[in-house]
Amino acid sequence: MTKYFLNIIFCLAFINPSYAQKITFKTGKPTSKTYYTEIPYKNIKGKLIIPVTINNTNYNFLFDTGAPNLISSALMKEIKSNNSKSISVSDANQNKQRMELISIPLLTLGNVSFKNTSALVFNGTDNLVFDCYDIDGIIGSNILRKSIVQIQSEKNLIILTNDLNKVRLEKQTGMDLVLRSNQSSPYITIKIKDKKNAKENVLIDTGASGFYDMCKSNYKALEEYNILSNSTRGEGTSSIGLFGASEAETQYLVKIPEIEIDGHTFTNISTITTSDDNSRIGADILEHGIMTLDFKHKRFHFDAYKAKSDLTEKNFGFTPTIQDNNLIVGIVWNENLKDKIHVGDKILKINDMDLLSMDICDLLTEDSPFKSSNIIHITIKNKSGETSSFILEKH
């Protein structure tokens, strides 16, 4: 199961081809010819929250390389942007919505200001993304497309510059960074080492929880070529995107012996497949080294803290998710559990934690017993209204 037990993924993609040539998403530029700034961030359970200044007012934004710039409808009213158009987009779970695309006259990150930058407007209410992380918007890849971004997790610091000499690189070589789509989404190629070796193109997505998510289409291709040695099938849903939870369907829990990124080896990786169009490397990679996304020169650098990173983790045999502000059973992986719990069962208690009396946001932003405990006492209620309690141990 994913490290923070609930997979929250905010990446967005354009899905209306009729707008492909009309979308002016690569608008905006810095007001300074050369720039360098250091931006502190708060790490809220793997989410990078940064300060952003618009119209001399400070706001909280999620720093998300897997998404374009995005602001709340409340913030749009304060900005009073005149230029807008409506486009159709999909989130990481392929849920679709129409969103307004506007231009922000002036936006400041650290001491660097950008003028006339494009951003989508989110009109939803009661949204887990905005409410639980207390954000006003998202800083995405389109505003970064001509910059160099270095993220130093040990200092909770993001460096933003257009001068490569201003960032520290332990290794000068790095690897290719490919920018795709109108939002300049950053992709690299990783090496998967299992029964056979393979390469996979993945999105670098700092808005995604966990280390690595494999999309189901890539999973099927790797299975076809007999690459993978350890996978378990399950039915249900596990991830939450900007527009809500994914639809219930077949997914796979995959265990991979090794993944190599920029010469660094990660071992014993567990991942749950997603319904997105692409696989991704999430924010957990930042725990293992300094990551540099050189959008300007199209290079990626990863300077690891240790020689190897062992990502071994155990799980309780099922994956929870959130539905209608309740924690429910999302997918059951362990065959021995399938006579006890079922997809959609509501989780009422975990140890002494009464979930019915908790704010749903605490499940996302506070420490979780799914992560900290190896044994839990869990109480559930099935769809018939019957409750049951039992002990679960990680395996």
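Let me confirm something: among LYS394, LYS298, which residue is touching a residue at least 60 places away in the same chain (Cβ under 8 Å), under 30 Å from THR189 (Cα atoms) and either surrounded by fewer than 16 Cβ atoms within 10 Å (Cβ to Cβ) or assigned by TED's automatic domain parsing to the domain that holds LYS26 (or both)?
Working: LYS394 fails: under 30 Å from THR189 (Cα atoms).
From the options LYS394, LYS298, the qualifying one is LYS298.
Could you tell me how many of the residues in the range 307-327 are touching a helix residue (DSSP H, G or I) at 6+ places or on another chain (Cβ under 9 Å), of a type outside the set (Gly, Ala, Ser) and at pLDDT 95 or above?
1
Return the residues of the range 372-395 that are in a strand (DSSP E or B) and not aliphatic (A, V, I, L, M); say none if nothing qualifies. Give the derivation first.
From the range 372-395, those in a strand (DSSP E or B) are 375-381, 387-393; that's our starting set.
Once the filter is applied, which keeps residues that are in a strand (DSSP E or B) and not aliphatic (A, V, I, L, M), the range 372-395 yields HIS377, THR379, LYS381, THR387, SER388, SER389, PHE390, GLU393.
Residue by residue through the range 102-143, note down the ones that are within 21 Å of ASP205 (Cβ to Cβ) and assigned to a strand (DSSP E or B).
LEU109, THR117, SER118, ALA119, LEU120, PHE122, GLY137, ILE138, ILE139
In the range 144-199, which residues are in a helix (DSSP H, G or I) and farther than 17 Å from GLY66 by Cα?
LEU164, ASN165, LYS166
Hey, any hits in the range 249-258 for a residue that's more than 27 Å from LYS338 (Cα to Cα), surrounded by 15 or more Cβ atoms within 10 Å (Cβ to Cβ) and touching a Leu at 6+ places or on another chain (Cβ under 7 Å)?
no
Using the structure shown, decide if ILE79 is farther than 26 Å from MET214 by Cα and more than 24 Å from the chain's Cα centre (by Cα). Walk me through how you get there before you give the answer.
Numbers: farther than 26 Å from MET214 by Cα: yes; more than 24 Å from the chain's Cα centre (by Cα): yes.
So ILE79 fits the description; yes.
Go over the candidates PHE61, PHE130, PHE122, PHE114 one by one and state the one that is within 30 Å of THR274 (Cα to Cα) and more than 17 Å from the chain's Cα centre (by Cα).
PHE122
Looking at the range 204-213, can you tell me whether even one residue there is hydroxyl-bearing (Ser, Thr, Tyr) and without any contact (Cβ under 8 Å) to a residue 60 or more places away in the chain? Spell out how you get there, then give the answer.
If we filter the range 204-213 for residues that are hydroxyl-bearing (Ser, Thr, Tyr), which is where we start, we get 206, 209, 212.
When the remaining residues are screened for being without any contact (Cβ under 8 Å) to a residue 60 or more places away in the chain, the result is none.
No, the range 204-213 has no match at all.
Go through the range 145-201 and give me each residue that's of a type in the set (Asp, Glu), loosely packed, with under 14 Cβ neighbours inside 10 Å and more than 19 Å from GLY289 (Cβ to Cβ).
Across the range 145-201, the qualifying residue is only ASP163.
The values are calculated or read from the model by the stated rules, or taken from the named source; none is laboratory data. Keep in mind that this is a model prediction, so the values were computed, not measured. All Cβ positions, even for glycine, are placed from backbone atoms using ideal geometry, and neighbour counts span all protein chains on display.
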